[in-house]
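In what follows, a single structure is set out as structure tokens and then discussed.
The values are calculated or read from the model by the stated rules, or taken from the named source; none is laboratory data. Keep in mind that this is a model prediction, so the values were computed, not measured. Neighbour counts run over all protein chains shown; Cβ positions are idealised from the backbone, glycine included. The area values use the complete protein model at the heavy-atom level, side chains included, leaving out ligands, DNA and RNA. Shrake-Rupley method; radii C 1.70, N 1.55, O 1.52, S 1.80 Å.
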Amino acid sequence: MNAMHRGSQWLMNVRGALAVAGLALATVVLSGCATSRNIDSEVRSFGGATPIAAGATYRFERLPSMAQSPTQDALETATAKVLAGKGLVRNDSNARYTVQVRLDVDRVALDRYPFGAGALLSDRVVLASDGSLWQRVRRPLIDPVAYRHAAHIVVRDIAAGSAVFETQAVQEGPWSDTPNLLEPIVEAALRDYPQAAPTPKTITVVLPAASPGK
């Protein structure tokens, strides 16, 4: 009975510790609101034959599929903010260029755990009904799922009908709060604008912590 009592107490301690650890991990990974985050995106960009004029005007262009996207308005707002910092001016009635921006979001099932085999698995010890057998059960503390956000931006010369700049930024990680990720991903995509950088590279943009009450 003493051994069983000690085993039961040990089980309670283990389960309590795992519950606390799991709650802390889930809070950090899933909420992402209490602290700033480094948003890493892999970026590639390409330039056309004709450079984009400084201070040029543009308007957004949407494909039919983009009109159905619930984040399209926010995506274009984030893009306009970054382009304004690059010297471009939005002018829907007198634009020299069109800007087409698309965001694809996918859930990605991980085929392995990032911290080594079993690192995200908890151990649960169960006493059998006859009191003579301990069984070890392994289960994930959090779902091994990542989210891939891919932003694709194309700038076209309206008169020439040709693309003059293209960029793509792909961000993959545990973050599912897409609205908060739009500006950091777009900023990474346009970091080198108007210069082209076709070799893939990782660009990190710091996403500040959310203000209290938001």
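So that you can scan it fast, the table gives a plain yes or no per residue for (1) surrounded by 15 or more Cβ atoms within 10 Å (Cβ to Cβ); (2) at pLDDT 85 or above; (3) among the small types (Gly, Ala, Ser):
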| residue | (1), (2), (3) |
| --- | --- |
| 58 | yes, yes, no |
| 66 | yes, yes, no |
| 102 | yes, yes, no |
| 110 | no, no, no |
| 137 | no, no, no |
| 141 | yes, no, no |
Completion exercise
By residue number, the members of region 192-204 that are surrounded by fewer than 20 Cβ atoms within 10 Å (Cβ to Cβ) and under 25 Å from residue 58 (Cα atoms) are 192, 194, 195, 196, 197, 198
Handout entry: Meets criteria (open to solvent by 30 Å² or more (accessible area, probe 1.4 Å) and modelled with pLDDT of 85 or more) for residue 45
Key = no
Exercise for the section: Exactly one condition in (1) at pLDDT 95 or above; (2) part of a helix (DSSP H, G or I); (3) closer than 25 Å to residue 174 by Cβ is not met by residue 18; state its number. Expected result: (1)
Exercise for the section: From the list 195, 168, pick out the single residue that is of a type outside the set (Asp, Glu) and in a loop (DSSP other than H, G, I, E, B). Expected result: 195
